[in-house]
Amino acid sequence: MLPPEVFVVTEQVQGQLTPVSFELLGAAKKLAEEMGGASISCVLLGADIRDLGEDLASHGADKVYLAEDQRLALYQNEYYALFLTKFFKKQQPEVVLWGATAISGELAATVAARLETGLSAHCSDLHLNEEGLLVQVVPAFGGKVLGDILCPSRRPQMATVKTGIFSSLSKGEGAGEIIYEDTSILDGCSPLLKTLKVTKEKDRDTSLKEAAVVVGGGWGVGSGENWTLLERLSSLLGGAVGCTRPALDEGWTNGEHTMIGTSGITIKPKVYIGIGISGAIHHLVGIKDAEMIISINKDAKAPILSFSDYGVVADFKKVLPGLIEKIEELS
Amino acid sequence: MKERRILVCIKPVPDPEHYDKIGIDPASKTLVRSGIPAVINPNDKNAIEAALEIREYWGGIVELVSMAPPDAEEKLREGLAMGADKAYLLSDRSFAGSDTLATARVLAAGIAKIGSFDLVITGSESADGGTTNVSPQLGEMLGLPHVCNVESITPQNEEQWQLNVKIEEGYLKVEGPTPMVVGVNDKINTPRYTTVMGIMEAEDKEVVIWSAADLEIDNDKVGLTGSPTQPGDLHEPKLQRAGKLLEGEPEVVVDKLIRLLRQAGVLNA
C-alpha cells in the first residue's frame with residue numbers, strides 16, 4: 001500500500017502565492033505526523049508558476065503538482081473545478097485542505113459537489129480521531145460554539161481553513177519534487193462565466209497579523225479624533241491597530257482589513273489592548289489566542305472584562321494620554 | 001424589454017444579535033438556543049434587496065425559496081412584505097439534518113419544479129453555520145454557472161451580466177450569460193425596511209408548500225443520512241480569563257500597565 005498523502009490546494013493571485021497557501025502546508029504537516037508519516041502534496045493552478053512551485057517545494061511540500069496553462073492565469077471557476085475534479089478522482093486522496101478565502105472557498109464547494117463529498121468550512125482546528133478520521137472543528141453562531149464535523153464514508157475528506165490559524169513552515173524545510181500535470185482536459189470546456197481581470201486594492205498593511213502588540217478599538221472610542229490616541233499608543237509599542245465591526249461602520253478605522261473577529265481576521269499577539277469594546281462574541285473569537293488581553297472600558301459590566309486577563313474600569317481618555325506620555329518618557 | 005424572473009433563496013437563522021446567549025447543555029451536550037428569535041439570515045436580505053432592485057429596473061417577478069421547517073412560513077411572509085411576489089417553502093421531516101450538499105440538492109429540486117428563470121440570488125454566507133458552500137453547490141446541482149461574494153450586479157444587455165466579486169486582494173470582474181446563480185455579499189446594498197403597507201399586502205401573497213413527495217428527489221441523498229458530513233461533538237471555546245481589575249487613580253493604573261507591558265516583553269524601556 002502506498003503511504004497516505006495529505007493534499008493541499010494552494011492559490012495564487014496575480015502570480016503571488018497567498019499567505020494561507022503556506023499555512024496549509026503547516027496544517028498538512030501536523031496531520032501527516034498524526035498519520036505516522038504521511039507525505040504532503042500540493043497542487044497549484046496558474047500560468048508561469050514554476051517559481052511559485054519551487055517556493056512551495058522549499059516550504060514543506062514533498063510533491064508540488066503544477067497545472068500550468070495560460071487559461072488558468074486568472075481564477076476561472078469552471079476551468080479550475082474541471083481540472084481539480086479530474087485530478088482528485090485520479091489521486092484519490094484521503095484528505096484535501098483548502099484556504100477559506102473567497103476564491104478557494106468557492107472552488108472547494110464546487111469541487112465537493114462534483115465529487116459528492118463533504119466539505120467543512122472555516123476550520124479553526126484539524127486533528128485525527130481514534131479511527132483515523134479527520135476531525136474538522138468549525139465555528140458556529142459567530143464562534144460561540146465549536147462543532148466537530150466528520151466525513152465518515154465519502155472521500156476525500158475536505159476542509160477549508162482560515163488564514164492565521166496554522167503557522168507556515170520555515171523555508172528550507174524539505175526540497176519537494178515538482179510534477180507537471182496535463183491540462184488538456186480544458187480543451188473540451190468553454191466557460192460561460194469569465195473572470196476578465198483582477199483589480200488589486202493598494203497593497204494592504206499586513207502588520208496587524210504579525211504585530212506583537214495590537215490595540216483594538218470599538219464603538220466606545222467615540223470619535224475619529226479619539227481614535228488617534230489608539231494609533232499613537234500602538235506606534236510607540238511598534239504595534240498595529242485593529243477594530244470591531246461597529247467602529248468600522250463609524251468610519252474611524254483604517255478599513256475593513258483591520259476588522260478583527262468572525263468575519264474579519266484572527267490575531268495572536270503577545271498583548272492585545274482593547275479600548276471601548278463591549279465584548280461581542282463576533283469580536284472575541286478573533287482575539288482569543290492573544291497571550292495577554294488587557295481591556296479598558298468605563299462600563300464595569302462590559303462582558304469584555306471577564307474575557308480579559310486584566311481590566312481597567314475607566315474612561316480611556318483619562319488613561320491613554322498618561323500611558324502614552326510615560327512610554328515616550330521611557331524611550 | 002424582457003421581464004425577469006428572479007428566484008431568491010433564503011433561510012431563517014437564530015438572530016445573530018443573541019449569539020452570546022447560545023450555549024451547550026452540559027448534561028445532554030446539545031445546543032441551547034431557547035428564547036432566541038428567528039430572523040431571515042441577514043445576508044439573505046441583501047439577496048432579496050438585490051432582486052427587488054433588478055425588478056424595479058427591468059420589470060419582472062421575484063420569488064422566494066426556502067428549505068425549512070413549516071414555521072418558516074412566517075419568515076417568508078417577511079420577505080414578501082419587503083416586496084417579493086410569491087414564496088415556496090420546501091419542508092419535510094426527511095430534510096432535517098441536511099448538510100450543505102444535501103441542502104443544495106433540495107433547493108435545486110424545488111427550483112427545477114418552479115421552472116425557468118433568469119437568475120437565482122442567494123446570500124453568500126449564513127450567520128449560523130457560515131459555510132459559504134450552499135450558493136456554489138446549488139449552482140452545481142442546477143448545472144448552471146455560479147459566482148459568490150458578489151458586490152455589484154450590472155446587466156450588460158438582455159442576457160449578459162457583469163459582476164464585481166470581492167476577494168481578499170481586491171476585486172474580480174466576472175462576466176457571463178443568464179441564467180446563473182449569484183451569491184451576494186453584505187456590501188452590495190442596504191436591505192429596505194418593511195412597511196405597514198408591505199406587511200398587509202404580504203398577507204394576500206401566495207406561499208406554496210412542497211414536501212419531499214412533491215419534488216423529484218432521491219430520498220437517500222437528503223437529510224442527515226444523505227449528507228456526506230456528519231456532526232460530532234460540540235464544544236464551547238474557552239474564552240473566560242481571570243479578569244483581574246487594575247484599580248487606582250489614572251497615574252497608578254498607568255504604572256501597572258507599564259509593568260504588564262514590560263512583563264509581556266513588548267516594552268523594553
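The values are calculated or read from the model by the stated rules, or taken from the named source; none is laboratory data. For clarity, every value in this text was computed on a predicted model and none was experimentally measured. For neighbour counting, all protein chains shown are included, and Cβ atoms are generated from backbone atoms with ideal geometry for every residue, glycine included.
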For segment B:210-221, does any single residue satisfy the condition of being assigned to a strand (DSSP E or B), touching a residue at least 24 places away in the same chain (Cβ under 8 Å) and in contact with a Phe, Trp or Tyr (Cβ under 7 Å, 6 or more places away or on another chain)? yes
Residues of segment B:199-217 that turn out to be loosely packed, with under 10 Cβ neighbours inside 10 Å and of a type in the set (A, V, I, L, M, F, W, C), as a count: 1
Options A:GLY60, A:GLY143, A:GLY105, A:GLY118; residue that is surrounded by 22 or more Cβ atoms within 10 Å (Cβ to Cβ), within 12 Å of chain B (Cβ to nearest Cβ) and closer than 16 Å to A:VAL20 by Cβ: A:GLY105
A:LEU192 passes all but one of (1) over 26 Å from the mean Cα position of the chain (by Cα); (2) free of Cβ contacts under 8 Å to residues at least 12 places away in the same chain; which number fails? (2)
Check whether at least one residue in segment A:157-176 is modelled with pLDDT of 95 or more and more than 21 Å from the chain's Cα centre (by Cα), and report yes or no. no
Of all residues being of a type in the set (S, T, N, Q) and surrounded by 22 or more Cβ atoms within 10 Å (Cβ to Cβ) in segment B:99-125, which is nearest to A:ALA159 (Cα to Cα)? Just the residue, please. B:THR100
Residues that are modelled with pLDDT of 95 or more, over 15 Å from B:LYS11 (Cβ atoms), of a type in the set (A, V, I, L, M) and in contact with an Asp or Glu (Cβ under 9 Å, 6 or more places away or on another chain): does segment B:95-105 have at least one? yes
Working only within segment B:223-269, note down all residues that are small (Gly, Ala, Ser), more than 7 Å from chain A (Cβ to nearest Cβ) and out of contact with any Phe, Trp or Tyr (no Cβ under 8 Å at 6 or more places or on another chain). B:GLY226, B:SER227, B:GLY248
Helices (runs of 4 or more DSSP H) lying entirely in segment A:221-331 (those with 1 or more residues that are at the interface with chain B (Cβ under 10 Å from one of its Cβ atoms) and either at pLDDT below 95 or surrounded by fewer than 22 Cβ atoms within 10 Å (Cβ to Cβ) (or both)): A:224-236, A:281-287, A:316-330
Quickly run through segment B:119-140 and pick out the residues that are facing another protein chain (nearest Cβ under 9 Å) and either within 10 Å of the chain's Cα centre (by Cα) or aromatic (Phe, Trp, Tyr) (or both). B:SER124, B:GLU125, B:ALA127, B:ASP128, B:GLY129, B:GLY130, B:THR131, B:THR132, B:VAL134, B:SER135
Single condition B:MET141 does not satisfy, out of (1) touching a helix residue (DSSP H, G or I) at 6+ places or on another chain (Cβ under 6 Å); (2) crowded, with 23+ Cβ neighbours inside 10 Å: (2)
Inside segment A:116-152, can you point out the residues that are touching a residue at least 24 places away in the same chain (Cβ under 8 Å), within 18 Å of B:SER227 (Cα to Cα) and of a type in the set (Asp, Glu)? A:GLU116
In segment B:157-179, what residues are more than 7 Å from every other protein chain (Cβ to nearest Cβ) and either touching a His at 6+ places or on another chain (Cβ under 7 Å) or outside any strand (DSSP E or B) (or both)? B:ASN157, B:GLU158, B:GLU159, B:THR178, B:PRO179
Please go through (1) assigned to a strand (DSSP E or B); (2) more than 23 Å from the chain's Cα centre (by Cα); (3) not small (Gly, Ala, Ser) for A:HIS122 and return the number of the only condition it doesn't satisfy. (2)
All conditions in (1) in contact with a Lys or Arg (Cβ under 7 Å, 6 or more places away or on another chain); (2) hydrophobic (A, V, I, L, M, F, W, C); (3) surrounded by fewer than 20 Cβ atoms within 10 Å (Cβ to Cβ); (4) more than 11 Å from every other protein chain (Cβ to nearest Cβ) are true of B:ILE40 except (3)
Taking only segment B:59-86 into account, find how many residues are closer than 18 Å to B:GLY123 by Cβ and of a type in the set (D, E, K, R). 3
Give me a count of the residues in segment A:225-243 that are out of contact with any Phe, Trp or Tyr (no Cβ under 7 Å at 6 or more places or on another chain) and in contact (Cβ under 8 Å) with a residue 24 or more places away in the chain. 13
Name every residue in segment B:1-18 that is within 11 Å of chain A (Cβ to nearest Cβ) and either in contact (Cβ under 8 Å) with a residue 12 or more places away in the chain or touching a Cys at 6+ places or on another chain (Cβ under 9 Å) (or both), in order of residue number. B:VAL13, B:PRO14, B:ASP15, B:PRO16, B:HIS18
Which numbered condition trips up B:LYS75, out of (1) more than 14 Å from chain A (Cβ to nearest Cβ); (2) under 21 Å from B:VAL181 (Cα atoms); (3) out of contact with any helix residue (DSSP H, G or I) (no Cβ under 9 Å at 6 or more places or on another chain); (4) buried (at least 22 other Cβ atoms within 10 Å of the Cβ)? (2)
Yes or no: segment B:58-68 includes at least one residue that is of a type in the set (S, T, N, Q) and modelled with pLDDT of 95 or more. yes
Residue match in segment A:77-85 (condition: buried (at least 22 other Cβ atoms within 10 Å of the Cβ), assigned to a strand (DSSP E or B) and in contact (Cβ under 8 Å) with a residue 40 or more places away in the chain): no
